[in-house]
Amino acid sequence: MGQGHRHGHGHAAGRAVDRSRLRIVLAVTLTVLVAELVGAWWSGSLALLADAGHMATDAGAVTLALAASYVASRPVSARRSFGWHRAEILAALVNAVVLLAVCAFLAGVLTTVLWRTTWVTLRQLRDLRERQRIERLERVDREMKAKAAMVRTKPAGETEPSVPQSDTTVE
């Protein structure tokens, strides 16, 4: 007792139930995926399209798990004493690597968008400040030219108009 793994039951029945559940999950996931794609197309919703992409990755992961379950149920042979059970572990590894790759891709896209948006915003702010500075200089230039024109058009003996004296004086 305690030596090896020899007892009177198999694991195939459990795998069959798991595969049945995985098929149901895959059918529901694909149905929701199609509904979201149709809804995104009909409404022009980017949120539905993004969630459909998420559902597509979920459907891929479930398909991978289902395929691994079928492979793992193959019988033990002299060459493969452990059977094909490693297929499930490798499928989990592939799923994890794909998820990490998707995360890295999205992080790269987000970083690029934020970087470009920041530089565009800073460039626009710099250009706005430059336009405002130029407009201020042009306004001051116009004002100075207008004052210079007023000085040139005044007759030589004319002085500034004086304030008229009131007829009533306070005593």
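Some notes on this structure:
- Residue in the stretch 54-72 that is surrounded by fewer than 14 Cβ atoms within 10 Å (Cβ to Cβ) and more than 20 Å from residue 24 (Cβ to Cβ) present: no
- Of all residues in the stretch 14-46, those that are among the acidic types (Asp, Glu) and in contact with an Asp or Glu (Cβ under 8 Å, 6 or more places away or on another chain) total 1.
- Flag for residue 50 being under 30 Å from residue 19 (Cα atoms), surrounded by 10 or more Cβ atoms within 10 Å (Cβ to Cβ), touching a Ser or Thr at 6+ places or on another chain (Cβ under 7 Å) and aliphatic (A, V, I, L, M): no
- Filtered residues of the stretch 42-55 (kept if of a type in the set (A, V, I, L, M, F, W, C), touching a helix residue (DSSP H, G or I) at 6+ places or on another chain (Cβ under 6 Å) and free of Cβ contacts under 8 Å to residues at least 24 places away in the same chain): 48, 49, 52
- The stretch 111-140, subset hydrophobic (A, V, I, L, M, F, W, C) and modelled with pLDDT under 90, residue farthest from residue 53 (Cα to Cα): 128
The values are calculated or read from the model by the stated rules, or taken from the named source; none is laboratory data. Model, not experiment: these values are computed from the prediction. Every residue, glycine among them, receives a Cβ derived from its backbone with ideal geometry; neighbour counts consider all protein chains shown.
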